[in-house]
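Everything below concerns the one structure shown next.
What follows is calculated from the coordinates using simple rules that are stated; it is not laboratory data. Note that the coordinates shown come from a computational prediction; the quantities given were computed from them, not determined experimentally. Reconstructed Cβ throughout: ideal geometry from the backbone, glycine too, with neighbour counts over all protein chains shown.
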Amino acid sequence: MEFLAKEYGYVPIVLVMYCFLNFWMGFQVGKARKKYKVPYPTLYAIESENKDAKLFNCVQRGHQNSLEMMPVFFLLMVLGGMGHPCICSALGLVYIVTRYFYFTGYATGDPQKRLDIGKYGFLAMLGLMICTISFGVKLLRQ
């Protein structure tokens, strides 16, 4: 562990925080399945078969989008954090908070509300990309 800065310890803590958020979102989808009567293994409700399809689909889509972004977020956190652990951890926290608002906004049934605060998560991701590029350049210069 000598090659990692002591502050790198923040990176896995932030990643686990995202895991807790992801579990919570999954639980919300489960509750929405019961509330809107969408049984497994149905991924998305069909509007012609369920009057609440849009409401359920918005909850499901908010979680699904977070799952789709998770690998990129984790990769950028792990790699960028090797060079910039404190900055990446702070950006990761910003991303988690904005992802929470992205999900809760989406879950209202009005997909546009996901962007009220959720849109700022993309700035956090951009910052993580910059940190990861900076780390890569630093390695190449050694």
Roughly how tilted is helix 121-141, in degrees to the nearest 10 and between 0 and 90, from the longest Cα axis of the chain? 30
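What 222 nm value per residue comes from the helices of the chain, counting each DSSP H run with n ≥ 4 as -39,500 (n - 2.57) and dividing by all residues, nearest 500 deg cm²/dmol?
Values: 4 runs with 101 residues, N = 142.
So the helix-based figure for the chain works out to -25000 deg cm²/dmol.
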Protection proxy ranking of 36-46, 4-14 - average other beta-carbon atoms within 10 Å, highest first: 4-14, 36-46
A5-K34 pseudo-label distance in nm [points 7 Å out on the Cα-to-Cβ vector]: 4.5
Computed over segment 27-101, the Cα gyration tensor eigenvalues, each multiplied by 5 and square-rooted, give semi-axes in Å (largest first) of 34, 11, 9
Just to be sure I understand, if you calculate Cα Rg over 2.2 N^0.38 Å for this structure, which of (i) 1.23; (ii) 0.96; (iii) 1.12 do you get? (i)
On a 0 to 90° scale, report how tilted helix 53-83 is relative to the longest principal axis of the chain, with both axes built from alpha carbons and the result rounded to the nearest 10. 10
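As an exercise, find the ratio Rg/Rh for segment 86-142 from alpha-carbon atoms, using the Kirkwood inverse-distance average for Rh. Could you put the intermediate results ahead of the total?
Values: Rg = 14.5 Å, Rh = 12.2 Å.
The Rg/Rh ratio comes out at 1.19.
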Place the peptides 74-81, 116-123 in order of packing, highest mean first, counting for every residue the other Cβ atoms within 10 Å and averaging per peptide. 74-81, 116-123
